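This report refers to the structure that appears directly beneath it.
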Amino acid sequence: MTEPIRVLVADDQSLLRGSFRVLIDTAPGLTAVGEAGTGAEAVEGAQRLCPDVVLMDIRMPGMDGIEATRRIAGSHETAGTRVLILTTFDLDEYVYGALRAGAAGFLLKDTSPELLLAGIRTVAAGESLLAPSVTRRLIAEFARLPHTHHAPSSTLEDLTEREREVLILIARGLSNADISEYLHLSNGTVKTYIGRLLTKLRARDRAQLVISAYESGLVSAAPQSTEC
């Protein structure tokens, strides 16, 4: 039998934590292994419990969800743990900061139970939860602001022309299947290119690739054409 996906719930509201825990424990293939009311507790819980996914609130007392995400994503001890951010607002600068810190994606707190569970399964499978309708807009918005613009962690000079094409399409929110169809490549070839991009840009996951594309200037925050 496949082991259930282990989830740590981090939120400063005990009632909300309990609700998430019940939802997770009653879903097939998922189990809640613990709760955290602060960012520090989330980091400690991730180290102690080794969950597959941390469901992380951004605003918590003391250490917030961004710093907690940075510590979890940046530690070899918790390298196998993915962070899924929960937020109240869909356009929130804190979300952009959390993605830069290493979060695998984000969902709104009023997301339906079905989408929340699907999101947990998505990030646990190693994918990033990047809904083009929301996340792409958020990243584009904050990547172009001076106070959130950072020099890219790695230049794009070593990328081939094809790798740049794939990176641009990832940043525009296309799935692997979409990229495969658009560039007339097999799904396996697209995965190979994404693997190379992750290595060359020292990116943790797809979310980090999107941010690198915007922050390097490869992709503009201006509205894109509809050809993709």
Once you wrap a convex hull around the alpha carbon atoms of region 1-74, what is its projected area averaged over all directions, in nm²? 4.7
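Excluding Val43 itself, calculate the net charge of residues whose Cβ lies under 14 Å from the Cβ of Val43, where each Lys or Arg counts +1 and each Asp or Glu counts -1.
Value of the local net charge: -4.
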I want the local charge near Gly102. Using Cβ-Cβ distances under 10 Å, sum +1 for each Lys or Arg and -1 for each Asp or Glu among the other residues. +4
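Can you tell me the FRET efficiency between Val22 and Asn187 if r is taken as the Cβ-Cβ distance and R0 is 30 Å, rounded to the nearest 0.05?
Calculated value: 0.20.
Every number here is computed from the coordinates shown, using simple stated rules; none is lab data. It should be emphasised that the depicted structure is a prediction, and the values quoted were computed from it without experimental measurement. Glycine also receives a Cβ, built like all others from the backbone with ideal geometry; neighbour counts cover every protein chain displayed.
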